[in-house]
């Protein structure tokens with residue numbers, strides 16, 4: 001009996017024994033089964049800044065988990081060894097939701113991050129773990145491409161505290177060519193997460209010649225401001241050659257600077273740069289008086305001057321969970 005997966009926009013129609021495009025969801029005897037449930041292939045304690053989340057519990061640690069597979073197939077994927085692998089091709093560990101919670105508490109992590117591949121494809125595992133974490137006072141963080149349908153995302157957002165959602169480019173052509181996906185569902189996910197009260201930050205990895213034109217960057221920035229708000233943190237990330245895009249050069253630093261200026265011109269208040277050695281581009285400045293409030297170097301937290309989430313100099317409230 002054929003089964004249609006309703007989790008993401010690809011809506012894979014699966015025959016008996018067939019896996020979906022993500023390779024992690026299989027039709028077993030007419031039932032859709034997430035075969036990686038409880039079997040993460042990656043476990044790590046990360047600074048929350050690595051996600052990157054700069055306006056959410058700065059200086060804290062996140063217990064990070066992932067399972068094999070992904071419903072996108074980005075040609076530049078940095079975790080392709082696990083995201084583009086079949087579950088039986090990678091080493092996994094048995095860790096049901098209760099054990100994830102115990103590990104996070106033992107390691108003194110304030111949050112659990114569902115990350116590295118994409119929590120969309122280990123949705124049930126993420127959802128069940130998130131429910132338990134919420135009960136135990138542990139926060140939940142999604143690091144995702146946001147390629148998920150509205151109904152399952154809205155349910156997951158009930159238990160999600162923060163999310164960094166990749167907005168990989170601002171054209172359907174880019175998404176189809178580079179990611180094997182489409183743009184509109186990602187935009188819908190960003191709006192849905194924001195409407196559900198999730199602390200949303202956005203990352204845009206700049207790929208030379210593919211998504212780094214002034215027009216595309218400017219359009220992306222204006223969309224973020226209009227649909228998510230001027231206080232939404234936006235991270236421009238520098239590309240380095242990997243996976244199937246080793247032919248491209250690293251993103252020029254000048255392109256990162258241009259993107260930052262375009263974002264500020266669009267009216268965004270918190271603009272950051274990743275994968276670059278510039279502490280000023282990683283630090284948080286008050287949009288009211290321009291004083292440096294949160295110091296970072298790369299993904300290292302160096303200190304905060306915030307007082308109850310406000311600038312001590314001018315009193316302006318700074319967006320985030322501090």
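This table checks each residue for (1) farther than 20 Å from residue 202 by Cα; (2) in contact with a helix residue (DSSP H, G or I) (Cβ under 7 Å, 6 or more places away or on another chain).
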position: 4; (1), (2): yes, no
position: 7; (1), (2): yes, yes
position: 19; (1), (2): yes, no
position: 35; (1), (2): yes, yes
position: 43; (1), (2): yes, no
position: 50; (1), (2): no, no
position: 64; (1), (2): no, no
position: 80; (1), (2): yes, no
position: 93; (1), (2): yes, no
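Which of the residues that make up the stretch 68-102 are within 15 Å of the chain's Cα centre (by Cα) and surrounded by fewer than 23 Cβ atoms within 10 Å (Cβ to Cβ)?
The first filter runs over the stretch 68-102 and keeps only residues within 15 Å of the chain's Cα centre (by Cα), leaving 70-72, 74, 77-79, 83.
If the condition is that a residue be within 15 Å of the chain's Cα centre (by Cα) and surrounded by fewer than 23 Cβ atoms within 10 Å (Cβ to Cβ), then 77, 78, 79 are the ones that fit.
Taking the condition of being crowded, with 19+ Cβ neighbours inside 10 Å and in contact with a strand residue (DSSP E or B) (Cβ under 8 Å, 6 or more places away or on another chain), how many residues in the stretch 36-45 meet it?
3
Return only the number of the condition from (1) surrounded by 15 or more Cβ atoms within 10 Å (Cβ to Cβ); (2) in contact (Cβ under 8 Å) with a residue 24 or more places away in the chain; (3) in contact with a strand residue (DSSP E or B) (Cβ under 9 Å, 6 or more places away or on another chain) that residue 248 does not satisfy.
All conditions pass for residue 248, except number (3).
Residue by residue through the stretch 151-187, note down the ones that are under 15 Å from the mean Cα position of the chain (by Cα) and either farther than 27 Å from residue 245 by Cα or exposed (fewer than 15 other Cβ atoms within 10 Å of the Cβ) (or both).
153, 156, 157, 160, 161, 162, listed by residue number.
Right, residue 197: surrounded by fewer than 19 Cβ atoms within 10 Å (Cβ to Cβ), more than 16 Å from residue 148 (Cα to Cα) and under 17 Å from the mean Cα position of the chain (by Cα) or not?
For residue 197, the condition - surrounded by fewer than 19 Cβ atoms within 10 Å (Cβ to Cβ), more than 16 Å from residue 148 (Cα to Cα) and under 17 Å from the mean Cα position of the chain (by Cα) - is met.
Taking residue 234, is it under 18 Å from residue 205 (Cβ atoms) and in contact (Cβ under 8 Å) with a residue 40 or more places away in the chain?
no
I'm trying to understand the selection: among the residues of the stretch 299-314, which are touching a residue at least 24 places away in the same chain (Cβ under 8 Å) and part of a loop (DSSP other than H, G, I, E, B)?
299, 311, 313, 314
Only helices (runs of 4 or more DSSP H) wholly contained in the stretch 186-289 count here; list those with 1 or more residues that are touching a helix residue (DSSP H, G or I) at 6+ places or on another chain (Cβ under 6 Å) and under 21 Å from residue 174 (Cα atoms).
Passing ranges, in order: 214-228, 253-265.
Which of the strands (runs of 3 or more DSSP E) contained wholly in the stretch 9-67 include at least 2 residues that are more than 18 Å from the chain's Cα centre (by Cα) and more than 30 Å from residue 294 (Cβ to Cβ)?
Per the criteria, 25-28, 31-34.
Any chance the stretch 253-266 includes a residue that's within 18 Å of the chain's Cα centre (by Cα) and either under 25 Å from residue 80 (Cα atoms) or free of Cβ contacts under 8 Å to residues at least 12 places away in the same chain (or both)?
Scanning the stretch 253-266, I find no residue that is within 18 Å of the chain's Cα centre (by Cα) and either under 25 Å from residue 80 (Cα atoms) or free of Cβ contacts under 8 Å to residues at least 12 places away in the same chain (or both), so the answer is no.
Yes/no matrix, rows are residues, columns are (1) surrounded by fewer than 19 Cβ atoms within 10 Å (Cβ to Cβ); (2) at pLDDT 95 or above; (3) more than 26 Å from residue 239 (Cβ to Cβ):
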| position | (1), (2), (3) |
| --- | --- |
| 258 | yes, yes, no |
| 278 | yes, no, no |
| 291 | yes, yes, yes |
| 298 | yes, no, no |
| 306 | yes, yes, yes |
| 309 | yes, yes, yes |
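Using beta carbons and a limit of 6 Å, which pairs, at least six apart or on different chains, have the first residue in the stretch 97-108 and under 10 Å from residue 132 (Cα atoms) and the second one part of a helix (DSSP H, G or I)?
97/128; 97/129; 97/132; 100/129; 101/132; 101/133
Do you know which residues across the stretch 109-139 are touching a residue at least 40 places away in the same chain (Cβ under 8 Å) and surrounded by fewer than 20 Cβ atoms within 10 Å (Cβ to Cβ)?
110, 124
The values are calculated or read from the model by the stated rules, or taken from the named source; none is laboratory data. Worth saying up front: this structure is predicted, and the values here are computed from it rather than measured. Quick reminder, even Gly has a Cβ in these numbers, built from the backbone with ideal geometry, and neighbours come from all protein chains shown.
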